[in-house]
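Peer 1: One structure, pasted below without further comment.
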Amino acid sequence: MKIDAHQHFWKYDPVNYAWIDESMYKIQVDFMPQHLKPVLEENGIDGCVLVQVNQTEEENHFFHDLALENPFIKGTVGWVDLKSPDLGGRLEYFKTFEKLKGFRHIVQGEPVGFMQAPDFVAGVKKLAAFDYSYDILIFPTQMKDAVHLVRACADNRFVIDHIAKPYIKEGKITQWANYMRKLSEFPNVYCKLSGMVTEANWYTWKEEDFYIYLDTVFECFGVERLMYGSDWPVCLVAAEYQEQLSIVSSYFEKLSSSEKAAVFGDNAVAFYRL
């Protein structure tokens, strides 16, 4: 199975999606399963993982209902208050959601140090007891915190979203690469090849701009712990679906068929228990 391990849906409104500013006008509209399904089929993708956008439990219900109604949505990643004293009860409740596979917090919107808070670390640890994964969404300035988190949580399954959003537009790499190597030393940490085009110049990027960053994550994680994700529809501000897919597929063109199968599906199936 070919899997897009990272995409979103929303019914757009300017209040709940205030982060979609005027520069991102292309995505200030609704994006729902009927819009993505033909795009996946056109690009030979069999299924996807639907990832949280808003930090509400209501969205968990909305996304899970969409997954049950649309078999191509193989799993969802939700949100839960990881600092809540009732976290165990909430996780027990969500175990009845058969397609809810993990959780995420929008840490990129939090101050540096957020992931080192003892109550946050304790909450992430609790996910492991319920066999839930955790998506790490950060900027490079928060990668040191991510090292602290994964070091403290040896039993968790982690995946780094959007290769930790390196400063591709500015061509910066050294500090990001050093921390990526450190994170890859933990065998329970995976990395998504997603969200890259929006970190580059939206209008003038070339496929070659991404290769130095792909070199690093390939060297660090190998084919065993990398997974393709589109970050659709956010990617549309900088690239059509097939354009962002081409970056990854061109880079890995020389891999064997089994290695390609790992990056473009098998790893996501195993990681998310799809």
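Peer 1: Hey, does the range 103-113 have a residue that's at pLDDT 95 or above, within 25 Å of residue 223 (Cα to Cα) and crowded, with 22+ Cβ neighbours inside 10 Å?
Peer 2: Yes, some residue in the range 103-113 is at pLDDT 95 or above, within 25 Å of residue 223 (Cα to Cα) and crowded, with 22+ Cβ neighbours inside 10 Å.
Peer 1: Need the failing condition index for residue 26 against (1) under 21 Å from residue 133 (Cβ atoms); (2) over 20 Å from the mean Cα position of the chain (by Cα); (3) not hydroxyl-bearing (Ser, Thr, Tyr), just the number.
Peer 2: Among (1) under 21 Å from residue 133 (Cβ atoms); (2) over 20 Å from the mean Cα position of the chain (by Cα); (3) not hydroxyl-bearing (Ser, Thr, Tyr), the lone unmet condition for residue 26 is (1).
Peer 1: Also, I was wondering about something else. Go through the range 16-31 residue by residue and tally those that are within 23 Å of residue 65 (Cα to Cα) and of a type in the set (A, V, I, L, M).
Peer 2: Summing the residues that are within 23 Å of residue 65 (Cα to Cα) and of a type in the set (A, V, I, L, M) in the range 16-31 gives 2.
Peer 1: Now for a separate question. I want to confirm something. Restricting to the range 125-145 and keeping residues that are in a loop (DSSP other than H, G, I, E, B) and in contact with a helix residue (DSSP H, G or I) (Cβ under 9 Å, 6 or more places away or on another chain), which single residue is surrounded by the fewest Cβ atoms within 10 Å (Cβ to Cβ)?
Peer 2: Residue satisfying both the conditions and the ranking: 130.
Peer 1: Tally up the residues in the range 149-167 that are buried (at least 20 other Cβ atoms within 10 Å of the Cβ) and under 24 Å from residue 4 (Cα atoms), please.
Peer 2: Of the residues in the range 149-167, 11 are buried (at least 20 other Cβ atoms within 10 Å of the Cβ) and under 24 Å from residue 4 (Cα atoms).
Peer 1: Moving to a separate point now. Among the residues of the range 149-158, are any among the polar types (S, T, N, Q), at pLDDT 95 or above and more than 30 Å from residue 204 (Cβ to Cβ)?
Peer 2: Looking through the range 149-158, at least one residue is among the polar types (S, T, N, Q), at pLDDT 95 or above and more than 30 Å from residue 204 (Cβ to Cβ).
Peer 1: Condition first: surrounded by 21 or more Cβ atoms within 10 Å (Cβ to Cβ) and touching a helix residue (DSSP H, G or I) at 6+ places or on another chain (Cβ under 6 Å). Now tell me which residues in the range 114-124 satisfy that.
Peer 2: Scanning the range 114-124 gives 115, 123.
The values are calculated or read from the model by the stated rules, or taken from the named source; none is laboratory data. Keep in mind the model is a prediction, meaning the values are calculated, not measured. Cβ: placed from backbone, ideal geometry, glycine included. Neighbour counts: every protein chain shown.
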